[in-house]
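Structure first, then comments.
The values are calculated or read from the model by the stated rules, or taken from the named source; none is laboratory data. Small disclaimer: the values here were computed from a predicted structure and weren't measured. Methodologically, a virtual Cβ is constructed for each residue, glycine included, from the backbone with ideal geometry; neighbour enumeration extends over all protein chains shown.
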Amino acid sequence: MATTAVDIQTARGAGAAGHDAPGHTGGHYTSIGIDSRKIGMWIFLASDCMFFGSLIATYMIYRGRADELFRNGQGNGPLPHEILDIPYTSVSAFVLLMSSLTMVLALAAVQKGDPRGTRIWLLCTALLGSIFLGGQYFEFTSFHHEGLSLTTNMFGSTFFTLTGFHGFHVTLGVIMLLSLVFLSMRGGVTQRDAINVEIIGLYWHFVDIVWIVIFTLVYLLPYEKINTIQESGHQAMRFLGLM
Amino acid sequence: MSVHAAELHHDVAHEHPGERTYIKVAVILAIITVAEVAIWYIKSLDFLLVEALLIMSTIKFVTVVSYFMHLKFDDRRLAWIFGLAMVVALSIVIALDVLFRVHAIDYATNFLTS
């Protein structure tokens with residue numbers, strides 16, 4: 001038992017800067033040498049990939065359907081090209097992208113043992129996340145005023161579901177970041193707790209990469225072009241005998 | 001045992017990039033975002049809009065995952081977990097597209113109009 005205690009102490013001393021170090025926070029290391037909480041977060045993110053994959057696929061399918069119905073005089077507007085505001089959303093995308101930078105700077109600060117720097121960068125990240133959420137609230141409100149709601153058409157249903165779930169993820173991230181700031185103010189986030197900042201950082205960056213995909217597929221790619229890609233894919237699958 | 005711990009630490013502790021690298025990566029990501037929006041506005045480049053947007057967003061995605069999420073520097077098994085999840089997610093997208101776009105919508109439309 002005494003040897004084990006020395007062992008853990010040695011590992012702690014050696015691993016102050018590396019958050020993969022065994023004994024970094026003590027007692028969370030698996031037999032493969034990776035912190036179990038870190039593996040847990042990666043597995044959660046892996047499952048979230050499939051969740052967002054389903055939502056994005058549903059959006060891509062039904063957005064086109066809403067367009068077709070509208071052209072045939074059966075559907076209701078407004079449609080994506082009528083209300084999506086590219087300059088406005090570009091700024092939101094930029095804000096979220098920069099929040100990933102402030103998040104890694106917070107991680108670098110906590111690894112260096114700089115609690116003040118950690119708090120500042122975590123607060124910056126939470127602030128940028130809140131700006132993004134404010135922007136999303138404004139966007140949703142303006143769409144509602146223009147007549148688009150969850151039940152207006154298939155575009156509205158899938159758009160609000162997809163971006164709403166993303167916004168929910170961002171909200172959870174902001175809450176976690178502010179919790180970390182609160183803990184840090186009480187001395188609960190030290191160099192040895194860097195793994196906690198890293199795990200929440202992983203979640204935050206994931207939210208950012210999901211928005212990278214949403215921004216391109218939902219906002220920037222015109223429907224006609226998406227249709228062409230899908231048709232090409234279907235032709236390829238028919239050629240291979242898969243359809 | 002101490003030696004074992006040190007060896008284990010050596011195996012699993014991976015150096016992450018410093019602030020300068022993070023800032024450089026963020027600048028590159030910002031430039032790509034500006035380029036994405038710019039190409040959307042330039043009508044003369046409309047013919048390569050899809051390819052350019054998909055390539056640029058893929059670069060952004062991979063860069064964030066590699067540098068900010070440290071998959072490039074961390075244990076490779078974590079990259080496998082995420083990589084396999086991405087493959088499954090893409091398969092879900094393709095499967096749903098085939099099932100709903102080609103078949104289910106036709107069934108639904110026939111049902112509604114009959």
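Just a few scattered comments:
- Yes/no for residue A:158 being among the polar types (S, T, N, Q) and over 17 Å from the mean Cα position of the chain (by Cα): yes
- Residue A:138 being crowded, with 20+ Cβ neighbours inside 10 Å and within 17 Å of residue A:88 (Cβ to Cβ): no
- Residue B:96 without any contact (Cβ under 8 Å) to a residue 24 or more places away in the chain, buried (at least 17 other Cβ atoms within 10 Å of the Cβ) and more than 8 Å from every other protein chain (Cβ to nearest Cβ): no
- For region A:25-83, a tally of residues being of a type in the set (S, T, N, Q), modelled with pLDDT of 85 or more and surrounded by fewer than 19 Cβ atoms within 10 Å (Cβ to Cβ) returns 3.
- No other residue among B:85, B:26, B:6, B:30 is at the interface with chain A (Cβ under 9 Å from one of its Cβ atoms), within 30 Å of residue A:106 (Cα to Cα), modelled with pLDDT under 85 and in a helix (DSSP H, G or I) apart from B:6.
- Residues that are within 15 Å of the chain's Cα centre (by Cα) and either of a type outside the set (S, T, N, Q) or outside any helix (DSSP H, G or I) (or both) within region A:98-118 comprise A:98, A:101, A:103, A:104, listed in sequence order.
- Filter pass, residue B:35 being at the interface with chain A (Cβ under 8 Å from one of its Cβ atoms), of a type outside the set (Lys, Arg) and free of Cβ contacts under 8 Å to residues at least 40 places away in the same chain: no
- Unmet criterion (only one of (1) surrounded by fewer than 14 Cβ atoms within 10 Å (Cβ to Cβ); (2) modelled with pLDDT of 90 or more; (3) not hydroxyl-bearing (Ser, Thr, Tyr)) for residue A:212: (1)
- Exactly one residue out of A:170, A:189, A:213 is in a helix (DSSP H, G or I), away from chain B (no Cβ under 14 Å), touching a helix residue (DSSP H, G or I) at 6+ places or on another chain (Cβ under 7 Å) and within 22 Å of residue A:42 (Cβ to Cβ), and it is A:170.
- Region B:41-79, subset small (Gly, Ala, Ser) and surrounded by 13 or more Cβ atoms within 10 Å (Cβ to Cβ), residue nearest to the other protein chains (Cβ to nearest Cβ): B:57
- Selection count, region A:177-209, where residues are free of Cβ contacts under 8 Å to residues at least 12 places away in the same chain and surrounded by 20 or more Cβ atoms within 10 Å (Cβ to Cβ): 1
- Residue satisfying condition, being more than 8 Å from chain A (Cβ to nearest Cβ), surrounded by 14 or more Cβ atoms within 10 Å (Cβ to Cβ) and at pLDDT below 90, within set B:109, B:113: B:109
- The number of residues in region B:33-57 that are in a loop (DSSP other than H, G, I, E, B) and at pLDDT below 85 comes to 0.
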